[in-house]
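Visitor: Can you read through this structure? Questions will come right after.
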Amino acid sequence: MTSEFIQLPVHGIYGKIDNKVLIDGVKVRAQRLVPDARGFLMELMRPDWPEFIQWGQVYATMCYPGIVKGFHYHYLQIDSFNCVSGMGRVVLFDNRPDSPTNGIINEFIIGPMAPKMVQIPNLVWHGFASVGNEPAIIINCPTRMYNYKEPDEFRCPANSFGYDWGKVSG
């Protein structure tokens, strides 16, 4: 069986990716990597992009190989994940009762070798893990600042929803 590679345009793609239905509200933007002899540059978020909603804060989170950070969701916050070092597997699960994609799981491999931003709507469960033998560093541009007194974050175990983090797709 042959698999198709879908070349994403530099602007966003909404609706389908890799022959799978995207969870309602998820947006994926192919990021442009600009390499030169010194390294590379990749813009992560701009206020003139259609994916931009509002600034909350920008932060980095890192995951060691063999470790899963997830699952969690936000009641109000929308996340925008970019992986800037290593390769990350971002997994989403739609558990919203009234969503047309209720029960759907999306998986994305992102990083400098596959530069894309994954925008995750509020109320969608999500997590990530490193792919390979290097840590994965995710830069998130969420729509809200972290509230230390009342975090907008709800967690469940990484083995929830029947997703096998140990599997390798393909």
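Visitor: Under a 10 Å cutoff between Cα atoms, tell me which one of VAL28, VAL131, VAL58 has the largest fluctuation in the Gaussian network model of the chain.
Guide: Result for the chain, Cα springs under 10 Å: VAL58 fluctuates most.
Visitor: Among GLN119, GLN31, GLN57, which one shows the highest mean-square fluctuation when the chain is modelled as a Gaussian network with alpha-carbon springs under 10 Å?
Guide: GLN57
Visitor: Now for a different question. Counting alpha carbon pairs within less than 8 Å and at least 6 residues apart, what relative contact order, in whole percent, applies to the chain?
Guide: Value for the chain: 29 percent.
Visitor: If you don't mind, another one. For the stretch 63-156, just run the numbers: alpha carbon Rg, then divide by 2.2 N^0.38 Å, N being how many residues it has.
Guide: 1.07
Visitor: Would you look at the GNM of the chain, springs on alpha carbons closer than 10 Å, and say which of ASP36, ASP48, ASP79 moves the most?
Guide: ASP36
Visitor: Under 37 °C and 0.692 mPa s, how fast does the stretch 82-121 diffuse according to Stokes-Einstein, given a Kirkwood radius computed over C-alpha pairs? Answer in µm²/s, whole number.
Guide: Translational D for this selection: 294 µm²/s.
Visitor: Based on a Kirkwood Rh over C-alpha pairs, give the Stokes-Einstein translational diffusion coefficient of the stretch 109-170 at 4 °C and viscosity 1.567 mPa s in µm²/s.
Guide: For these conditions, the coefficient is 90 µm²/s.
Visitor: Taking a quarter of the surface of the Cα convex hull of the stretch 93-141, what do you get in nm²?
Guide: Computed as one quarter of the Cα hull surface, the answer is 4.0 nm².
Visitor: Take ASN95 and LYS149, extend 7 Å from each Cα along the Cα→Cβ direction, and tell me the distance between the two endpoints in nm.
Guide: For the pair ASN95/LYS149, the computed spacing is 2.8 nm.
Visitor: Considering only protein heavy atoms, with the full assembly of protein chains and a 1.4 angstrom probe, order TYR75, TYR59 by accessible area, largest first.
Guide: Ranked list, largest accessible area first: TYR75, TYR59.
The values are calculated or read from the model by the stated rules, or taken from the named source; none is laboratory data. The structure presented is a predicted model; accordingly, all values stated were derived computationally and were not measured. Every residue, glycine as well, gets a Cβ built from its backbone with ideal geometry; the counts of neighbours run over all protein chains shown. Remember, those area values only see protein heavy atoms, side chains included, never the ligands or the DNA or RNA. Shrake-Rupley method; radii C 1.70, N 1.55, O 1.52, S 1.80 Å.
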